[in-house]
Amino acid sequence: MKTLLLFGATGDLARRMLLPSLYGLDSDGLLPDDLVIVGTARSEGDDGWYREKAENALLEFADADRLKPKVVARFLARLRYRSADVASPEPFGELAKAVGDTAPKDLSIFLSTAPSLFGPTIAGLEKAGLAGDRARLALEKPLGVDLASSRVINDAVAAGFPENRTFRIDHYLGKETVQNLIALRFANTLFEPLWNARGIDHVQITVSETVGLEGRTGFYDETGALRDMVQNHMLQLLALTAMEPPAKFDAASVRDEKVKVLRSLRPIDASTVRTHTVIGQFESGVIGGSPAAGYVQELGRASGTETFVALKANIDNWRWQAVPFYLRTGKRLATRRTEIVIQFKCVPHSIFAGPGASLQPNKLIIGLQPEENISLRLMAKEPGLDRAGIRLREVPLDKRRRIAYERLLLDLMDGDPTLFVRRDEVEAQWTWIDAIRAGWAATGMTPKGYAAGTWGPPAAVALTERDGATWND
C-alpha cells in the first residue's frame, strides 16, 4: 500500500497544480490502485470537507475533457484530511494514524509549506515514526535566500531524510519539453557534433511574464527576479542545455553532469557586474491594451528590488569556451514566454547573392510556455522560378502535454530522483548568485525603470548587441 502525505493541502499550489496533476495520473490509470492521499493543513475540516474542496479545485483547474464522473469519484475516495499546525508536535500522532501501516513501507511526503516550517515538520515526522527508511520527502522552493540560509534548510532536512530520499522540486524539470531537450541532444547524431563552441554562436534563455506581483508582494519584494527565477529555474535550464553527455540516463549520472556545468560558470563579481548584468524595475505602462501600474504603485512604497534581470554568463570549459549564454527574466514584459534559443553559427561563406538571398543563422527554439514545442529554423528556397535569383526564407520544423507536476509526483512515488535537484546543485547555484548580488552591492547598482509591456530597460538590448547578437523577441 502506498501513501502520499501532502502538507499545505489547502494552499494555492495544491489547488492549481497538485490535485489536478494527481487526478490526471489517476484518469490515465497511472496511480497505484491502493494509493491513499492524506492532506493536511491548519484549516479545520474532515474527509468530506476536503473532498468537496478538491472537487471544486478539479472543476476550476483540471482539463474539463478528463473530468469523468466515475474517475472523479474514484479519485476523491482516495483523499483523507487531518488538520495540523506543524509548529506543534501534537498533531503528528493523528497524521501517523491516518497514514497507518504504510509508514515503514512506502510513504511519499510533499512539503508545500514555508521553509521556516521545514525544521519542526521534519522533527514531528521523525517523532511520529513517519521518517522511516522507505519514506521520501519532496520540497518546494524557495530553499533559502542565499548559500548560508540554504545550507541551514538542507541541514534541517538531512537530519531526518538522507540525500537519496530528499526530492527538491524544480517544476520546470517536469516539463515534457525539458525532458525532450535531453532526448534531442543525446538520441540524435544530428545535433551533438554541433553542440559546442564550433557550431553554436550563442544561447538565449528567456522567462518573461506579463503579470505583476499577483498577491506575492511581501515575498517578491524580499526576493527579486534574480533569486526568484534565475537561481533555480533558469540555471537548471542552462545546466541541461550545456551539460556533457551522461554515461547513462539515471539520477546520479545526469545530476553529476549538471553540477559540473554549474561549477564551471565564470563568476560575475564587482569587476564585471556592470558589463554582464542589467537590472530593472517596471513602471506604469500598457499590457494587452490595458493600463498597468508600476511596481512601486503595486507595492505601495518605494523599493530597490529588481523585477527584471538580464545576464551574460560564460561557462569555462572546453565545450563552451567563448560562447555567451544570455539569460533574461522579468515581470510586466511584452509577452509571456519561456524558451531556450540555440543560435548556430552562420555558414562560413554564402554562395547566394542578390535581393532576398540574405542568410539567417539556424535556430533551435525550445518553447516551454505558454505552449511546449520544439522548432528548428532552417534556410530554404522560396517556391518560384527564380528569374531574379534564388530567394531564401526561414522554415520551421515543429514538434508538438501533461502538467509538469504529474511527472514529478509520479517519480516521487516511484522513488526516481533523476528530475529533482541535488544539494550540491543548489549550493553551486547559490554560490554564483551570491557573487552577483555582492557585486551589485559593491558597485551601487540599482534597477533602471522600464515601461510595463516592453522588453525591459534599453541596456538589456545593448548587453547582447555589443556581441553582435539580438534577443529573440
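A few notes on this one:
- Residue within the stretch 124-146 that is of a type in the set (Asp, Glu), touching a Lys or Arg at 6+ places or on another chain (Cβ under 8 Å) and closer than 30 Å to Ile436 by Cα present: yes
- Residue check for Ala77: of a type outside the set (Asp, Glu) and farther than 23 Å from Asp33 by Cβ: no
- Any hit, the stretch 250-259, residues being open to solvent by 30 Å² or more (accessible area, probe 1.4 Å) and closer than 30 Å to Glu298 by Cα: no
- Scanning the stretch 414-446 for residues that are within 19 Å of Pro142 (Cα to Cα) and assigned to a loop (DSSP other than H, G, I, E, B) yields Pro417, Leu419, Phe420, Arg422.
- Within the stretch 427-471, considering residues that are of a type in the set (S, T, N, Q) and closer than 18 Å to Lys331 by Cβ, the one surrounded by the fewest Cβ atoms within 10 Å (Cβ to Cβ): Thr446
- Residue count, the stretch 78-92 (criterion: open to solvent by 60 Å² or more (accessible area, probe 1.4 Å) and among the aliphatic types (A, V, I, L, M)): 1
- Any chance Ala239 is hydrophobic (A, V, I, L, M, F, W, C) and either part of a loop (DSSP other than H, G, I, E, B) or open to solvent by 10 Å² or more (accessible area, probe 1.4 Å) (or both): no
- If you go through the stretch 311-333 and keep only what is open to solvent by 20 Å² or more (accessible area, probe 1.4 Å) and part of a loop (DSSP other than H, G, I, E, B), you end up with Asp316, Asn317, Trp318, Arg319, Gln321, Ala322, Arg332.
- For the stretch 262-282, the count of residues that are assigned to a helix (DSSP H, G or I), farther than 25 Å from Thr307 by Cα, of a type in the set (Gly, Ala, Ser) and modelled with pLDDT of 95 or more is nonzero.
- Selected residue (criterion: modelled with the lowest pLDDT) from residues of the stretch 217-238 that are out of contact with any Asp or Glu (no Cβ under 9 Å at 6 or more places or on another chain), over 13 Å from Leu143 (Cα atoms) and of a type outside the set (A, V, I, L, M): Gly218
- Of all residues in the stretch 189-225, those satisfying the criterion of being more than 20 Å from Ala293 (Cα to Cα) and under 13 Å from the mean Cα position of the chain (by Cα) are Ile205, Thr206, Val207.
- Of residues in the stretch 1-31 being more than 15 Å from Leu58 (Cα to Cα) and open to solvent by less than 40 Å² (accessible area, probe 1.4 Å), the one farthest from the chain's Cα centre (by Cα): Thr3
The values are calculated or read from the model by the stated rules, or taken from the named source; none is laboratory data. None of these values were measured; they are calculated from a predicted model. With ideal geometry, Cβ positions are generated from the backbone for all residues, glycine too; neighbour counts draw on all protein chains shown. Side chains included, ligands, DNA and RNA excluded: accessible areas come from the protein's heavy atoms. Shrake-Rupley method; radii C 1.70, N 1.55, O 1.52, S 1.80 Å.
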